[in-house]
1. Taking the condition surrounded by 13 or more Cβ atoms within 10 Å (Cβ to Cβ), assigned to a helix (DSSP H, G or I) and of a type outside the set (Ser, Thr, Tyr), does residue 77 pass?
2. Looking at (1) without any contact (Cβ under 8 Å) to a residue 24 or more places away in the chain; (2) surrounded by 13 or more Cβ atoms within 10 Å (Cβ to Cβ); (3) not in a helix (DSSP H, G or I), find the lone condition where residue 43 falls short.
3. Of all residues in region 56-69, how many are among the small types (Gly, Ala, Ser) and within 18 Å of residue 34 (Cα to Cα)?
4. Restricting to region 18-40, give me the number of residues that are exposed (fewer than 13 other Cβ atoms within 10 Å of the Cβ) and not small (Gly, Ala, Ser).
5. Working only within region 48-60, note down all residues that are touching a residue at least 24 places away in the same chain (Cβ under 8 Å) and more than 10 Å from the chain's Cα centre (by Cα).
6. In region 47-66, what count of residues is obtained for those that are loosely packed, with under 13 Cβ neighbours inside 10 Å and more than 16 Å from residue 25 (Cβ to Cβ)?
7. Considering region 33-59 alone, what residues qualify as being touching a Phe, Trp or Tyr at 6+ places or on another chain (Cβ under 7 Å) and under 15 Å from residue 74 (Cβ atoms)?
Amino acid sequence: MANHKSAIKRIRQTLTRRLSNRYYAKTTRNAVRDLRNTTDKTTASELYKKVSSMLDKLAKKNVIHKNKASNLKSKLALRVNRLS
């Protein structure tokens, strides 16, 4: 167990951040899944804007790596553009 006040505070901060990161990462994964399952082009293009924004925010906060975000955005853009 932590003996210093600062260590106890860091434990609290880490837990809060971890839960927040898990929530936003899970929400983004669900949005990506929904976008992949969409068959309508107009709906998909609207969803793509929201999902790419979410991915950028996760990469900015270092929840996911920036290359992973760009790879996902690229693959999703190809999928959206293939829809007719």
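1. Working: surrounded by 13 or more Cβ atoms within 10 Å (Cβ to Cβ): yes; assigned to a helix (DSSP H, G or I): yes; of a type outside the set (Ser, Thr, Tyr): yes.
Criteria met by residue 77.
2. (3)
3. In the first step, residues of region 56-69 are kept if they are among the small types (Gly, Ala, Ser); the result is 59, 69.
When the remaining residues are screened for being within 18 Å of residue 34 (Cα to Cα), the result is 69.
Count: 1.
4. Count: 11.
5. Within region 48-60, 48 is the sole residue that qualifies.
6. Qualifying residue count for the region: 1.
7. 35
Bear in mind that the values in this text are calculations on the coordinates, not laboratory data. All of these numbers come straight from a predicted model, not from anything done at the bench. Note: ideal-geometry Cβ built from the backbone for every residue, glycine included; neighbour counts use all protein chains shown.
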